[in-house]
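The structure appears right after this line, and notes come after that.
Each value in this text was obtained by applying a stated rule to the coordinates, not by laboratory testing. Predicted model, so just to flag it, every value in this text is computed and none were measured. Backbone-built Cβ (ideal geometry, glycine too); neighbour counts: all protein chains shown.
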Amino acid sequence: MTTRSKLTGREIHSFNSLMMSLEDIINNAKFKRTMYRLTGTCTGGVCVGWNAQNVLWNVTHEMDREYGTTYQERLKQWILSAQEKGLVVAGALTDTKGDRSLKPSQQPDQDSNVHIKEVREDGIVIRGAKAMIAGVAASNEIFILPGAGYGEADRDFAVACVVPRDIQGLTVVEARRPSDGRELEDGFDMVETGTTQAYLIFEDVFVPNERVFMCREYKYTGKIIEYFTANYRACIGACVAGQGDVMIGAAALMARANGLPAKTFSGKIVDMAINNETTYGVGIGAMALGRQHPAGAWVSDSLMAHTNKVHVATLPYETKRLCQDIGGGIAETGCLPSYQDFTSPEYGYLVQKCIKAGRNASAETRARAARLVEWLTLGAGVPGCMHGGGSPDGAKLVVRARTPLEEYVEYARTIAGIPETVLEPEKK
Ligand SMILES: Cc1cc2nc3c(=O)[nH]c(=O)nc-3n(C[C@H](O)[C@H](O)[C@H](O)COP(=O)(O)OP(=O)(O)OC[C@H]3O[C@@H](n4cnc5c(N)ncnc54)[C@H](O)[C@@H]3O)c2cc1C
């Protein structure tokens, strides 16, 4: 969880560090798998912001070379202060977007995407909204990046900066379900962990120059997305693997609490483990095939990372299915009485008699394990497998673009001994 700063040599939190070697980025994946094992879910406050700092380290270098700006020096000063204070920094790329078929500048409501409203001598004024930003509740600051690659018409949306969470003009709305009014803290109805996603609404927020790292350089927004997704989609394989490890544990607990040895389900447990190691391993592969950018921070291999994102949006759902399969109906939604019923002075002992099963586990242990399975497989424990870090269809576009079809056709043609060139049929 700690490392030596590449800038000062001092010991710092890993999540404020520059990841400059393969070992550094693999440690990011190990960090995430460990955090998931400890919490069962996403520790967003130390994830996207960490990647954002590293991506910007490379992109500010590229921008400074082309435009003569001093963005990287500003970023360096901010990173030094983040390392010194041990800041937790959430990362915000995803805009609320509005109509998905329209570009930001075409939206009827320009505030659908965060944009620069005004450039002043001493800073910029930003407006607009970001959505589903993980870990804001636990963060000190928020790193803002553009949500997509933009052209000139969308230059006002090309903005990267970092703001304190309590900055004037920012409204933070945590995406939480309302409670039904009952006291849940001491029972088993709510697992005492979990992530929250926040909506961030910026209404003319002033950001001083020293915190601004991109201001309308739209040409480099594509680079930000390219480097960000390469690292993020490599590392997310470790997140879902860590949650999958907890699912294996929960499934084994359920089997035992039901009165069966975990061995009864060893085939299913092996399948769960293979899913975990697949997303973890493809992610590590993407890192290993990556490279150090001339500015210093590591960039994972895009093709492999986007392939991993598609696995991440698929395999954990199969792991969840197996976890429910092993757990039995009690672990599915709506099949376990509440803690209130379980402890009712009037009939609680009857409920407990119904829930008690395996001789090595109490009724409460079985109920707690069942709630955990329900939470991991259906509830808040589903940590953005599908859309976290971007949609699988977006990842498939990259896989398609980076798969050299014609080169592969040539391999096949040569091996098959086909002398003629076989072209695509012309459009009718
Ligand atoms: C648990 C969780 C945590 C998250 N944490 C963060 C975070 O910390 N920071 C952050 O910045 N974001 C975060 N996100 C947001 C995440 O990056 C987005 O959900 C993701 O990029 C997809 O965007 P969307 O939700 O707006 O889906 P949409 O863009 O609405 O996509 C829905 C579907 O429509 C398709 N689609 C969209 N537009 C088009 C189009 N023009 N043409 C064809 N198909 C299209 C997509 O491929 C997808 O299948 C998080 C999301 C989740 C679920």
Original post:
Counting other C-beta atoms within 10 Å, which of T2, T365, T41 has the fewest, and how do the rest follow?
Top reply: T2, T365, T41
**OP:** Only helical DSSP H runs with n ≥ 4 go in: add -39500 (n - 2.57) per run for the chain, normalise by residue count and round the 222 nm mean residue ellipticity to 500 deg cm²/dmol.
**Re:** -14500 deg cm²/dmol
Original post:
Sorting M35, M20 on the 10 Å Cβ count, fewest up front, what's the list?
Top reply: M20, M35
Original post:
Normalised by the residues of the chain, what does the relative contact order come to in percent, with Cα pairs under 8 Å and at least six apart?
Top reply: 17
Subject >> Cβ-based charge dipole, region 219-339, positive-most Cα from S338, G285, G267 >> reply: G285
Subject >> Debye intensity ratio I(q)/I(0), log10, the chain, q values 0.10, 0.14 Å⁻¹ (C-alpha model) >> reply: -0.77, -1.24
Original post:
Which entries in the list K30/K97; K6/K32; K396/K428; K130/K268; K320/K396; K219/K428 go over 31 Å, if you measure between the two C-alpha atoms of each?
Top reply: K30/K97; K130/K268; K219/K428
Original post:
Using a simple charge model, +1 on the beta-carbon of Lys and Arg, -1 on the beta-carbon of Asp and Glu, nothing else, what dipole does the chain show about its Cα centre, in debye to the nearest 20?
Top reply: 1020
Original post:
In Å, the Kirkwood hydrodynamic radius of region 224-402 over pairs of distinct alpha carbons?
Top reply: 17.7
**OP:** Place the peptides 23-33, 159-169 in order of packing, highest mean first, counting for every residue the other Cβ atoms within 10 Å and averaging per peptide.
**Re:** 23-33, 159-169
**OP:** Anything in the chain that counts as a DSSP H helix reaching 24 Å or more along its axis (C-alpha) with Kyte-Doolittle mean of at least 0.0? List them, would you?
**Re:** 221-258, 266-288
